[in-house]
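Note sheet for the following structure.
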Amino acid sequence: MTKNKCVAFATLLGALVLSPAVRAQSWSTIGTSCSPGVDSIGLYNYSNATFEFASGETGTIRTRCQVNNPLDTGVPKWSTLTAGFVDPDGTHGEYEVQAQLVRVNRSTGTTGIIKTLDSDSYPATGPVSRSVSFTHTFDFTNYAYYVTLTVSRDSTSLSPGVWYASLK
C-alpha cells in the first residue's frame, strides 16, 4: 500500500471510530451507586458493588438508577437490558431480583415500564449476568429514564443481590 493510501485509510478509519453512529452506545451502573427509596431504609446493605439485604432482614428493597443519554446528539439505539445478580433459589420465588427500565413523562410525571428482567425466569442459583431484549425509541426531550433494581426475600437463609445493570 502506498503512503498516500495508508494516510487515506487511517483518516477514514479514524472518522468511523469517532462517529457517534459507530461508537458503542451503552449505559451501565453498579447497584451501590443508585438511590435506595425510603421504603428500603434500614433493610439494605452495600457489599462492594452489590445491593443486598442487611443481616436478618426480609421483604423487598429497591434502588433507582438514573439513565442519561451518553450521546452528544441523537438518541441511543438500546435494545437490551442486562443485570448481574444472584438468586439463590433460581425459579422458585422465595428469593427474586428484578431490573426494570422505566420512563417518566416530563410534563405529567406519568411513569411506564418499558421492560422487566426477572431472576425467577432463570434456573441459575449462583452469580449470573442475564439479558432481555426490548423495542423502544428513546426520547430524552420528553421523558426521563431510570432503572429500578428490586431484591426480594422471604427467608434470611440465603442472600440474593444485584451488582450491576446496563443498556446496550
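The values are calculated or read from the model by the stated rules, or taken from the named source; none is laboratory data. The model shown is predicted, which means the values in this text are computed figures rather than measured ones. When we count neighbours, we look across all protein chains shown, and the Cβ atoms used for this are built from the backbone with ideal geometry, even at glycine.
Give the residue that is nearest to Thr60 (Cα to Cα), with candidates limited to residues of region 81-117 that are within 13 Å of the chain's Cα centre (by Cα) and small (Gly, Ala, Ser).
Among them, the one singled out is Ala99.
Let me confirm something: among Gln100, Gln25, which residue is at pLDDT below 95 and either among the aromatic types (Phe, Trp, Tyr) or buried (at least 17 other Cβ atoms within 10 Å of the Cβ) (or both)?
Result of the check over Gln100, Gln25: Gln25.
Restricting to region 29-48, count the residues that are under 9 Å from Ile61 (Cβ atoms) and of a type in the set (A, V, I, L, M).
Going through region 29-48 one residue at a time, the tally reaches 1.
Which of the residues belonging to region 73-88 are in contact with a Leu (Cβ under 7 Å, 6 or more places away or on another chain) and farther than 10 Å from Leu167 by Cβ?
Ala83, Pro88
Restricting to region 34-84, give me the number of residues that are in a strand (DSSP E or B), loosely packed, with under 13 Cβ neighbours inside 10 Å and either aromatic (Phe, Trp, Tyr) or touching a residue at least 40 places away in the same chain (Cβ under 8 Å) (or both).
Residues that pass the stated criteria total 2.
Take Ala8 and tell me if it is among the small types (Gly, Ala, Ser), loosely packed, with under 11 Cβ neighbours inside 10 Å and modelled with pLDDT under 95.
So Ala8 fails the test.
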